[in-house]
1. Sorted by packing (mean other beta-carbon atoms within 10 Å per residue), highest first, where do 90-103, 225-238 land?
2. Using helices alone, what [θ] at 222 nm do you get for the chain, with -39,500 (n - 2.57) per DSSP H run of 4 or more residues, divided over all residues and rounded to the nearest 500?
3. State the volume of the convex hull built on the alpha-carbon positions of segment 33-105, expressed per residue in Å³ and rounded to an integer.
4. Looking at the square roots a ≥ b ≥ c of the eigenvalues of the Cα gyration tensor of the chain, which shape do they give, rounded for a/c under 1.5, prolate if a/b is larger than b/c, or oblate?
5. To the nearest Å, what is the center-to-center distance of segment 1-79 and segment 229-261, using C-alpha atoms only?
6. Pop out the ³J(HN,Hα) list for segment 341-354 in order, Karplus 6.51 cos²θ - 1.76 cosθ + 1.60 with θ = phi - 60°, rounded to Hz; leave Gly and Pro as x.
7. Got a number for carbon plus sulfur as a percent of segment 202-354's accessible area, 1.4 Å probe?
8. So between T77 and R411, what do we pick up on full extension, going 0.36 nm a residue minus the alpha carbon distance?
Amino acid sequence: MAHVVVLGAGLGGLPTAYELRHLLPKSHRITVISDKPQFTFIPSLPLVAFDLTPLKHVQLDLERLLKKRDIDLILGTVTHLDPHHQEIRVGDRALQYDYVVVSTGAALDLDAIPGLGPDNGYTHSVCNPHHAELARDAWQEFERNPGSIVVGAVPGASCLGPAYEFALLAEYVLRKRGLRDRASVTIVTPEPYAGHLGIGGMADSRQLVAQLLQRRGVEVIENAEITQINEKQVILADGRSVTFQYAMLLPPFLGAQFLRDTPGLTDDKGFLPILPTHQHPDFPSIYSIGVTIQLPTPEVTPLPMGAPKTGQMTEAMGMATAHNIAVDLGVIASEKVGSNMEAICMADFGDSGLMFIADPVIPDPVTHQRRRAVALAGLWISWAKAVFEVYFLMKMRLGLAVPWFERLGLRMLGMSSLVRSLQPQPETSGAVTSQKTS
Ligand SMILES: Cc1cc2nc3c(=O)[nH]c(=O)nc-3n(C[C@H](O)[C@H](O)[C@H](O)COP(=O)(O)OP(=O)(O)OC[C@H]3O[C@@H](n4cnc5c(N)ncnc54)[C@H](O)[C@@H]3O)c2cc1C
């Protein structure tokens, strides 16, 4: 009997635990360790910040979900991982594992810039449920006396999509509530251009984003190196400053503290190197998925930026990992697989939306091409994101990871399957990049 431990119960950890339970006979024990009693659908946190949805609508109680599914749950913060003795500590409790899946998501580097908040600074974030609630309370205050809004990211950030989503949702909410003429919205971004998103853009993302921002009267400062933030201003390295009454700035991400504390496990940001199987190169019993993995940046930008690790990619990593652990345990007689590293991202702007598909997220290092790059705009994307939230929460309630009908749906949309063979493939005639907009 093996003991498989999943660290973190977010977009990566929970579906992976379900898939492991689906694949492994009951004789193998599965334990999930979470520092929060709830699963949170993080992509909906910008909606929480504008009070467009209550936080509890995008959260699920983990104990209820896992109890009936033969998955043990430990609520507590992982403080120590000993890869040599295969031991995990949660407070004063120690657990042995045969395999561990690290899916503890992002720790926020709020010390990156003086004044970066919300805990000890002046800006808001929507990167975790607590921050989204603080952002919502401050937004309600702001609506009573609107003014300048600054939205964006500081150098080193890797998840830029939510900044555009937040800025355009702010613009939409202000318009809807008759406050638009009393407020300005400025995006301050380390990207070389708006729509770069840390991956060199895709299809015509640059033009689409520029058109949308112009249409909505949102200013952009590109290549912005924020060096300091005070109570009223974001200060840039070139001496410019932008005044705000409300600011939401995305911080750089780090791996969890216990990962950074373990010698030889991670890079200097706390991200784990992985083999194509998602195993650590030096510790084959450690798999990692989601935000915790080390991902190369596809191109050097004037200001440091990371590549995004999106929800769809994270789920695919979890499916590959569950399969590979089942192969390790001799439950599946098959080759190990990799994840497809395909990013599908939908951003909801209230009365419009953008969808990006970058397949794969990191272009081929030689040809600089992707198999597919698509950028689409339209109101239907706002609806599709709302439907996807309901669907994702429904499948988490039902204990389904990526059910067959979702895999079929993805294939009908022309997407590849979530996992990929690691066997050498026959030569193809070269990468294909399609560009579509609407
Ligand atoms: C505001 C925002 C909007 C986004 N929107 C989209 C989107 O529209 N589409 C998309 O594809 N992606 C989106 N993303 C990215 C997406 O949320 C991530 O790809 C995804 O959440 C990564 O999953 P994960 O399992 O790595 O981390 P998470 O989902 O963050 O889960 C990590 C879990 O581990 C727990 N944890 C952390 N440390 C410990 C510890 N020491 N011990 C125990 N538990 C711990 C955390 O509390 C958390 O529950 C968005 C991200 C943000 C921040």
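The values are calculated or read from the model by the stated rules, or taken from the named source; none is laboratory data. Predicted model, so just to flag it, every value in this text is computed and none were measured. Using ideal geometry, Cβ is built from the backbone for each residue, glycine included, and neighbour counts are taken over all protein chains shown. Ligands, DNA and RNA are stripped out before the accessible areas are found, and what is left, the full protein with its side chains, is counted by its heavy atoms. Shrake-Rupley method; radii C 1.70, N 1.55, O 1.52, S 1.80 Å.
1. Numbers: 90-103: 19.1, 225-238: 16.8.
Highest to lowest by the protection proxy: 90-103, 225-238.
2. On the way: 10 runs with 115 residues, N = 438.
Mean residue ellipticity, 222 nm, calculated: -8000 deg cm²/dmol.
3. Working: hull volume 7.8 nm³, N = 73.
In segment 33-105, the Cα hull volume divided by residue count equals 107 Å³.
4. Numbers: a/c = 1.65, a/b = 1.42, b/c = 1.16.
Prolate, since a/c reaches 1.5 and a/b exceeds b/c.
5. When both Cα centres are located, 30 Å separates them.
6. Running phi through 6.51 cos²θ - 1.76 cosθ + 1.60 with θ = phi - 60° gives 6, 9, 9, 10, 10, 10, 10, 9, 10, x, 10, 6, x, 10 Hz.
7. Numbers: 2910 of 5950 Å².
Percent of accessible area from carbon and sulfur atoms in segment 202-354: 49.
8. Values: separation 334, 0.36 × 334 = 120.24 nm, distance 3.79 nm.
So the chain would gain 116.5 nm between T77 and R411.
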